[in-house]
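Asker: Mind looking over this structure? Questions follow.
Derivation of every value follows stated rules applied to the coordinates shown; laboratory data play no part. As the structure is a computational prediction, the values presented were derived from the model and not from experiment. Cβ coordinates were reconstructed from backbone atoms using ideal geometry, including for glycine residues, and neighbour counts include every protein chain displayed.
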Amino acid sequence: MDTRVGSIGGGRSEGGGAPPPDGGSSGGVSFLRRPTVVVWLAVAVGAGIGWMWLAAMIAGMLATTDMTVLGPGMGLLNRLNGFADLTPEVRAALTVLCGPTDAAWGVRDGLAVFAMWVAMVFAMMLPSAAPVLTSFARLAEAKRAAGEATSSPLVLAAGYLSIWIAFAVVATLGQGVLTQLRLLTPAGTTASQLLAGTTLLAAGLYQFSPLKMGCLTRCRHPAPYFADNWTARPAGVFRQGIEQGIDCLGCCWALMVVMFAVGVMNVVWIAIIGAVMVVEKVTTSLLVPRLVGVVLLAWGVALVLASPVGAVLLTRFGLL
């Protein structure tokens, strides 16, 4: 029997009989012909690879670095390396001696940072893309059951990821420039409360913008798009993945930029922001993005007011 995974449903086996209901495959791998199964496996494997890469990067720094330099919440990991029992002065001295201190990047440094952003894309964006990918996969299963041609949802995922990998390139360049300007530390955290605060304010305001809401709505309800624009051609499906990736970028880019405020290697906040993105897309209420916006705005205001610029403003208005 021909066990090849083809793109055409409803074909016949070499023996001339009708194919089995799963689309022509039998045995232990027949479930892999189901697009929805392929989607969930791809999301799980891709996100797992991203998290393993991030974990490996953190593990490589753990023995010699005070984790608090990587941003809020990362101090919890100091329990694994003994830094939690040291005084702040000793931790600071060890960080200077052993931690990342060089603001000048070489090619190897740039590639390492790019790999980190790509790992973040896989860890954060693939799970949030599951609603779009499964919507396509369900329609593909229905088309295949009706004997129509289909294309793998992995092609759609490739188009989607191409947009976010392009974002990773831009983020890497941005981090490099900000590090050279000493607005970011070599560890990837902001060098000033003012920069962190204004970044959070910008992200919070974007949560209420019509562009955010429009992109979020399309990410939440992708089924009509696929039904109206169905194609079995891989090139067409890849293009649809790009279009869905652009919608996702319009929905989530500001939340990704929040990483510059909390520390780009801060795995605690990678997990938190990734979860927020998923919740935003699987719910239908506007309360979630608006609540996230309020939290970001309040946090940003607090940081700005705690900065030297904020102190000057408070003094000028007689509030300090």
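Asker: Relative contact order of region 30-316, please, whole-number percent, based on alpha carbon pairs below 8 angstrom and at least 6 residues apart. Please list the in-between numbers first.
Answerer: Values: 373 pairs, mean separation 75.8, N = 287.
Relative contact order of region 30-316: 26 percent.
Asker: Return the long-range amide H neighbours of LEU184 (sequence gap of 5 or more, or a different chain), with a cut-off of under 5 Å between placed amide H atoms.
Answerer: THR179, ALA191
Asker: Give me the compactness ratio for region 30-316, meaning the Cα radius of gyration over 2.2 N^0.38 Å.
Answerer: Numbers: Rg = 20.9 Å, N = 287, 2.2 N^0.38 = 18.9 Å.
After normalising by residue count via 2.2 N^0.38 Å, the value is 1.11.
Asker: Points 7 angstrom from Cα along the Cβ direction at ASP109 and ALA275: gap in nanometres?
Answerer: In this crude spin-label approximation the distance works out to 3.4 nm.
Asker: Can you list the residues of region 128-170 with backbone N under 18 Å from a point 7 Å past the Cα of ALA223, pointing along Cα to Cβ?
Answerer: In region 128-170, the label zone of ALA223 (backbone N under 18 Å from the point 7 Å along Cα→Cβ) covers 129-146.
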